[in-house]
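Read-outs throughout are calculated quantities, based only on the coordinates presented, and are distinct from any laboratory measurement. Only a predicted model underlies this, so the values are computations on that prediction, with no experimental measurement involved. Positions of Cβ are generated from backbone atoms using ideal geometry, with glycine treated the same way; all protein chains shown enter the neighbour counts.
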Amino acid sequence: MSRQRSLEKILASEYVSIGELARLTGCRYSTLKFYTEEGLLPFEQAEENLTRRYRREESVKQVEWIRRLRQEGKSVPEIKKRGKP
């Protein structure tokens, strides 16, 4: 099991893991995984390992946008139709 990076290091990084993104946004890991699987949360994946990496700033903004639309009562399919913020 890998050691958690400090919040300071996470905030200084261009890329974060899904667990780190969960820490930054307060969103559940399973919710972020669902958004990723639905194509709402883009990621990059290095060929040498299977770790998904998310662009920190872009992903935090995307999660906030999705949350705002969900609070307005929009469904995931409706959000997918809208595209990006």
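Consider segment 48-65 and keep the residues that are surrounded by 14 or more Cβ atoms within 10 Å (Cβ to Cβ) and in contact with a Ser or Thr (Cβ under 9 Å, 6 or more places away or on another chain). The one that is nearest to Glu14 (Cα to Cα) is Arg56. Summed over segment 44-70, the residues that are farther than 15 Å from Pro85 by Cα and free of Cβ contacts under 8 Å to residues at least 12 places away in the same chain give a count of 6.
Selection of segment 28-47 for residues being within 22 Å of Arg3 (Cβ to Cβ) and either in contact with a Cys (Cβ under 6 Å, 6 or more places away or on another chain) or surrounded by 18 or more Cβ atoms within 10 Å (Cβ to Cβ) (or both) yields only Leu32. Lys80 meets all of the listed conditions (1) part of a loop (DSSP other than H, G, I, E, B); (2) touching an Asp or Glu at 6+ places or on another chain (Cβ under 7 Å) but one, namely (1).
Identify all residues within segment 1-24 that are free of Cβ contacts under 8 Å to residues at least 40 places away in the same chain and either in a loop (DSSP other than H, G, I, E, B) or not hydrophobic (A, V, I, L, M, F, W, C) (or both); write none if there are none. Passing the criteria: Met1, Ser2, Arg3, Gln4, Arg5, Ser6, Glu8, Lys9, Ser17, Gly19, Glu20, Arg23.
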